[in-house]
Amino acid sequence: MDLLQGTYLANKGGFGFVKLDDSESSDIFIAKENSKGAMNNDMVEIKLIEKRRGEHIEGKVVNILKRNTNEVVGTFKKSKNFGFVVPDDKKLGSDIFISKSNWGKANNNQKVVAQITKYPVKDKKAEGKIVEILGFNDETGVDMLSIVKQYKLPYEFPDNVIKEAKKVQKEIIVPEGRLDLRKKEIFTIDGHDAKDLDDAVYVEENGDGTYTLGVHIADVSHYVKSGSNLDKEAITRGTSVYMLDRVIPMLPTELSNGICSLNEGQDRYALSVIMKIDMQGKVIDSDIRKSIINVTKRMTYKDVEILISDESNNKTKLNNKEEKHRQKVIEEYKDYQKHFLRMKSLAEILKRRREKDGYLSLDIPESKITLDKYGVPIYIKAYETGISNEIIEQFMLTANETVAERFFWLGAPFIYRVHEKPKEEKIAELNKYLYNFGYKVKGKKDDIKPKAFSMVLNEVKGKDEEGVISNLLLRTLKVARYEAENKGHFGIASKYYCHFTSPIRRYPDLFIHRVISEYLSFEYNIDEKHKEKYYAQAIKYADKSSECEQLATKAERESEDMKMAEYMEARIGEVYEGIISSITKFGIFVRLENTIEGLVRLESLDDYYIYDDSNKRLIGKRTNKIYKLGDKVTVEVQNANKERREIDFIIYKD
C-alpha cells in the first residue's frame, strides 16, 4: 500500500484531518469511522481513498504510530460503580472511562487529571485512572489551573533551579570593558503592573538633524550561563506565559523581578544598542556594547501619554479625579517631559519610514479582561494603546532590526524571527473576499510585496470594515517563527529581524545575547569551533522555541475564551451591536465592540440561508436577504458556556 504519515488533528464533531509531514500538502479528511481510534495530535499512517470531502482528499487511518496524549484534564462524572472524565479539550472526542478502583478520592463534578491506561479501540472508550484532583470548577483559580495542566505548562520551578537562582551574585561592579551609562537619563516605559522590566531607552537630538536612540536590554546572559540548571529550564519553557490571573515565567522571580529587572535607581548590567537615526528614519550608524546603566525613572504608558498629549485636542472631558492625576503627573515629571516629547518625535519618524516600506499596521485590538479577587471576569474591553505604546514598539523594532542586520553580515550563528510571504493561493482567496468590499491586493502573485497589503490597510483606515479587513489579511499571512536562517520578516517589511529585546521572557533573545556577548568578548574574531557549536544550538533552540511559543499562545487564547464565555453567562438576554467578522456554512460570527465574539447559528435565522462559499456570504432563499462580512448587526446573547468556551447569539428582533 502507498502509505502516508502525519499528525491527526481531531475535530469536536468526531471527524478529523491529517496534516502530512510534507507541510506543503493539503490536510487529508478522516471520517469518524475511518479514524481507528486516533486521538488529537497522534502520529498516524494513512492511505488515501477515492473520495473527496469538499476541497479535501479523504483518507483512512491504518496505523497509529505514536500516541501523543497520555493524560487528560476534565470533569469527573461519578456514578455508583464507575465514572467518566469528560475532557476539557473537546477535540479528544469521547469521555474516559474510570473504574471505581481508579477514581481514588475524586468527587462528582471535580476537575481532575486522568492518566490513560487503555486507548480507544473501535467503539470502546479509552480507559484511565485519576492521578490528580484539581478541585471544583467554582473554586478560585481551578479553571486556570485546568488550562495549565491541559497544556502541560511547567508552572513550578524544580528545587535545583530555585537554588541556583538564589545563589546568583547580586553585587554590581563595573568590570573592565563595560560602557558606563549610569549618568545618562534613561527610562523604562511599561504597563503599571509590569514587574519584569527588560528594556530601557533614551533619545538625544544631535543638532545636525539626527537623533541618537539608546535601547538598553537587561544582560540576562550574564547570569544565566549556558548549560546551567537555569539555562536548561529556560530552554524547556521557551517563553513566559501570561494567563490573566497568573504569569508562568521563563526564569524564577529572583532573576525576572530582581537582579535582571531594570528597576529604577539600581545599577544593572545591560546590552546597549546605540543608534544614530536621520530625519528619514534610517539608522546611519550604530554600536552594540556591554554596559552598566541606572534607570532614572520607571514610567507607565498612561503617565507618558499624559506628558506628550496635547490637551487642547482632547475631545474627552476629564472628570475631577482624572484631571487631578494629570496635573500630578505633569508636576512630578516636568523635568523629564522634554525626553518624552523627543521620543514621540523620533517614533513618528520611524513609523513613517516603516509605513513607506510597507509595514503592516493591523487594526486588531487585544482584549483587556479584568478579574475580581475570585477570578470572575467583571469587565472586558478593547485594550487601549496610544503614542506611548508606539514609542516603545518603534524603538524595539529598530533595535531588533539593527542587531539582526549586524550579525547577519558577520555570518554569525543566530536565531532570526522569520515571517515569510503568503502563498499564491492564499492571496487569490483573499482577493475574492476583498472584491466584495471594492479592494484588491495588487502585484505579482508569486512575488507579493508587503506594500501591496499596506496599501489595502491604508484604504480602509477609519472605515467600519477596517477590523474585518485586518482580520482577513491576518488569516492570509503565515505564522511567524524562529529559524537559524534569515528569511526576512514580511509583516514588518524588514530584510533582517530578530528578537533581542526581551531576554527575561523569551529564550531566542537570551540565546542571541549569549552569541553577541561572545562576539564582543573576542572583538568579533570568533573561531570556527565556537561558530559550529552556536550554529547547532541555534537550529535546535529555534525549533524548540517556536513549539513553546505556539503552546503558550494556545493556552493564553484558551484562558481568554473561557473568561469571555464566563462573562457572557451572566449576560444572557442582553442586546449588543456588533459586526460580522466571519461567515461559515454553519453560521455567522459576530464581534462586539468589547472584542467578544459569538456565533449566530444558521438554524436560528429567519429563513433558509444558502452559503455562498466563494464570496463568504449567506443568501436567504425566500427573502433574498444577504449577510456578508463587515455588516453591522444587532444581536441578543442566547447562550454561553464557560466549559465549552462557546457564546451563542441570535439576531435581535425589536
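The values are calculated or read from the model by the stated rules, or taken from the named source; none is laboratory data. The shown structure was predicted, so the numbers you read here are calculated from the model rather than taken from an experiment. Cβ: placed from backbone, ideal geometry, glycine included. Neighbour counts: every protein chain shown. Only protein heavy atoms, including side chains, enter the accessible area calculation; ligands, DNA and RNA are left aside. Shrake-Rupley method; radii C 1.70, N 1.55, O 1.52, S 1.80 Å.
Each row is one residue, and each column tells you yes or no for (1) open to solvent by 20 Å² or more (accessible area, probe 1.4 Å); (2) aliphatic (A, V, I, L, M).
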site	(1), (2)
ASP193	yes, no
VAL201	no, yes
GLU205	yes, no
LEU213	no, yes
SER221	no, no
VAL224	no, yes
GLY227	yes, no
TYR242	yes, no
ILE259	no, yes
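Tallying residues that are surrounded by 14 or more Cβ atoms within 10 Å (Cβ to Cβ), in contact (Cβ under 8 Å) with a residue 40 or more places away in the chain and either under 26 Å from GLU176 (Cα atoms) or of a type in the set (S, T, N, Q) (or both) within region 518-540 yields 6.
The set of residues in region 212-227 being aliphatic (A, V, I, L, M), touching a Leu at 6+ places or on another chain (Cβ under 6 Å) and within 12 Å of LEU262 (Cβ to Cβ) consists of ILE217, ALA218, VAL220. Taking LYS317, is it out of contact with any Pro (no Cβ under 8 Å at 6 or more places or on another chain) and surrounded by 11 or more Cβ atoms within 10 Å (Cβ to Cβ)? Here the answer is no, as LYS317 does not meet what is asked.
For the criterion of being open to solvent by less than 30 Å² (accessible area, probe 1.4 Å) and touching a strand residue (DSSP E or B) at 6+ places or on another chain (Cβ under 8 Å), ILE504 passes. Scanning region 436-469 for residues that are over 19 Å from LYS351 (Cβ atoms), without any contact (Cβ under 8 Å) to a residue 60 or more places away in the chain and not in a helix (DSSP H, G or I) turns up GLY438, TYR439, LYS440, VAL441, LYS442, GLY443, LYS444, ILE448, LYS463.
Counting the residues of region 131-147 that are open to solvent by 30 Å² or more (accessible area, probe 1.4 Å) and assigned to a loop (DSSP other than H, G, I, E, B) gives 4.
Restricting LYS368, LYS426 to those that are under 25 Å from the mean Cα position of the chain (by Cα), over 30 Å from MET568 (Cα atoms) and without any contact (Cβ under 8 Å) to a residue 60 or more places away in the chain reduces the list to LYS426. If I filter region 174-191 for residues that are within 23 Å of the chain's Cα centre (by Cα), within 30 Å of SER367 (Cβ to Cβ) and open to solvent by 10 Å² or more (accessible area, probe 1.4 Å), do I get at least one hit? Yes: region 174-191 contains one or more residues that are within 23 Å of the chain's Cα centre (by Cα), within 30 Å of SER367 (Cβ to Cβ) and open to solvent by 10 Å² or more (accessible area, probe 1.4 Å).
Against the list (1) in a helix (DSSP H, G or I); (2) open to solvent by 20 Å² or more (accessible area, probe 1.4 Å); (3) more than 30 Å from TYR535 (Cβ to Cβ), the condition PHE408 fails is (3).
Put simply, of ILE277, ILE292 the only residue that is surrounded by fewer than 21 Cβ atoms within 10 Å (Cβ to Cβ) and at pLDDT 95 or above is ILE292. Of the residues screened, ILE580 is one that is aliphatic (A, V, I, L, M), at pLDDT below 95 and buried (at least 20 other Cβ atoms within 10 Å of the Cβ). Scanning region 632-654 for residues that are open to solvent by less than 30 Å² (accessible area, probe 1.4 Å) and not in a strand (DSSP E or B) yields a single hit, LYS642. LYS90 meets all of the listed conditions (1) at pLDDT 95 or above; (2) open to solvent by 30 Å² or more (accessible area, probe 1.4 Å) but one, namely (1). One residue stands out in region 280-289 among those that are part of a strand (DSSP E or B) and farther than 18 Å from LEU179 by Cβ: the one that is most open to solvent (accessible area, probe 1.4 Å), namely ILE284.
In region 605-626, the residues that are under 18 Å from VAL590 (Cα atoms) form Cβ pairs under 9 Å with partners that are of a type in the set (S, T, N, Q) and surrounded by 13 or more Cβ atoms within 10 Å (Cβ to Cβ), at six or more places apart or across chains, as follows: TYR611/THR584; ASN615/ASN436; LYS616/ASN436; LYS616/SER582; LYS616/THR584; ARG617/ASN436. With a requirement of 1 or more residues that are β-branched (Val, Ile, Thr) and closer than 16 Å to LYS297 by Cα, the strands (runs of 3 or more DSSP E) lying completely within region 182-278 that satisfy it span 187-190, 199-205, 211-218. Determine whether SER545 is open to solvent by 70 Å² or more (accessible area, probe 1.4 Å), more than 30 Å from ILE580 (Cβ to Cβ) and not basic (Lys, Arg). So SER545 does not fit the description; no. Residue count for region 69-83 under the criterion of being of a type outside the set (Asp, Glu) and in contact (Cβ under 8 Å) with a residue 40 or more places away in the chain: the result is 7. For region 106-148, a residue qualifies if it is among the small types (Gly, Ala, Ser) and closer than 21 Å to ILE248 by Cα, and the qualifying residues are GLY135, GLY141, SER146.
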